[in-house]
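The values are calculated or read from the model by the stated rules, or taken from the named source; none is laboratory data. For clarity, every value in this text was computed on a predicted model and none was experimentally measured. Neighbour counts are summed over all protein chains in view; Cβ atoms, including those assigned to glycine, are modelled from backbone coordinates with ideal geometry.
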Amino acid sequence: MPSYTEEQWLQISRSVVLMLDAWQLDNSQKITLLGLPENTPKRSISRYKDNTPLPVDAVVTERVEHLLGIADALRTTYPTNQRMGTQWMSKPNQKLNQRSPISMLKEGTLGNLISIRSQLDCVFMWETMGSRA
């Protein structure tokens, strides 16, 4: 798990929450997806867009890193048209059992995050499978 400065973590927190906004997840879905405690107030999500970083927690950090990996893979796959990445996220995908990545994210499971990232990022998949030396 990489270590981030406070300013980096604040910027990452903002970026991730804005990305989840763009993918049209509601606040309760964001809380679940980010691995925040169930009793996290929904209004706290807007604070993460302003000036409060996400909690520095192993679960939250792992999920954020997968979300950043997904975002990075979408930018790499669709470098000239960001809307194509959003379309890819919202359309059923044969390799994801005809489910859209967005519908999988809404369930909030770590396994779904990893499946989506693996589908997009072949380097991550190689590392996960132990194929990289």
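Any chance segment 114-122 includes a residue that's touching a His at 6+ places or on another chain (Cβ under 7 Å), buried (at least 16 other Cβ atoms within 10 Å of the Cβ) and either charged (D, E, K, R) or not in a helix (DSSP H, G or I) (or both)?
Initially, segment 114-122 is screened for residues touching a His at 6+ places or on another chain (Cβ under 7 Å), giving 114, 117.
Adding the requirement that they be buried (at least 16 other Cβ atoms within 10 Å of the Cβ) leaves 114, 117.
Now narrow it down to the ones that are either charged (D, E, K, R) or not in a helix (DSSP H, G or I) (or both): 117.
Yes, segment 114-122 has at least one match.
So which residues in segment 94-107 are in contact with a Ser or Thr (Cβ under 9 Å, 6 or more places away or on another chain) and in a loop (DSSP other than H, G, I, E, B), if there are any at all?
Residue satisfying the conditions is SER100 alone.
Residue by residue, here is whether (1) exposed (fewer than 12 other Cβ atoms within 10 Å of the Cβ); (2) at pLDDT 95 or above; (3) touching a helix residue (DSSP H, G or I) at 6+ places or on another chain (Cβ under 8 Å) holds:
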{"position": "LEU10", "(1), (2), (3)": "no, yes, no"}
{"position": "VAL17", "(1), (2), (3)": "no, yes, yes"}
{"position": "LEU34", "(1), (2), (3)": "no, yes, yes"}
{"position": "ASP57", "(1), (2), (3)": "no, no, no"}
{"position": "GLU62", "(1), (2), (3)": "no, yes, yes"}
{"position": "THR77", "(1), (2), (3)": "no, no, yes"}
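Please go through segment 64-73 and give me each residue that is under 11 Å from GLN119 (Cβ atoms) and either loosely packed, with under 12 Cβ neighbours inside 10 Å or modelled with pLDDT of 95 or more (or both), ordered by number.
Scanning segment 64-73 gives a single hit, ILE70.
Need the failing condition index for VAL56 against (1) aliphatic (A, V, I, L, M); (2) part of a loop (DSSP other than H, G, I, E, B); (3) without any contact (Cβ under 8 Å) to a residue 40 or more places away in the chain, just the number.
Condition not satisfied by VAL56: (3).
Within segment 22-32, how many residues are in a helix (DSSP H, G or I) and surrounded by 15 or more Cβ atoms within 10 Å (Cβ to Cβ)?
5
Every residue, every condition in (1) under 17 Å from the mean Cα position of the chain (by Cα); (2) acidic (Asp, Glu), yes or no:
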{"site": "PRO41", "(1), (2)": "no, no"}
{"site": "ASP57", "(1), (2)": "yes, yes"}
{"site": "GLU62", "(1), (2)": "yes, yes"}
{"site": "GLN82", "(1), (2)": "yes, no"}
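So in segment 59-93, with the set limited to residues that are part of a helix (DSSP H, G or I) and of a type in the set (D, E, K, R), which one is farthest from ASP121 (Cα to Cα)? Outline the logic, then answer.
Here is the first cut: in segment 59-93, the ones part of a helix (DSSP H, G or I) are 59-77, 82-90.
Now narrow it down to the ones that are of a type in the set (D, E, K, R): 62-63, 65, 72, 75, 83.
Working: GLU62: 16, ARG63: 16, GLU65: 13, ASP72: 9, ARG75: 11, ARG83: 18 Å.
This residue is ARG83.
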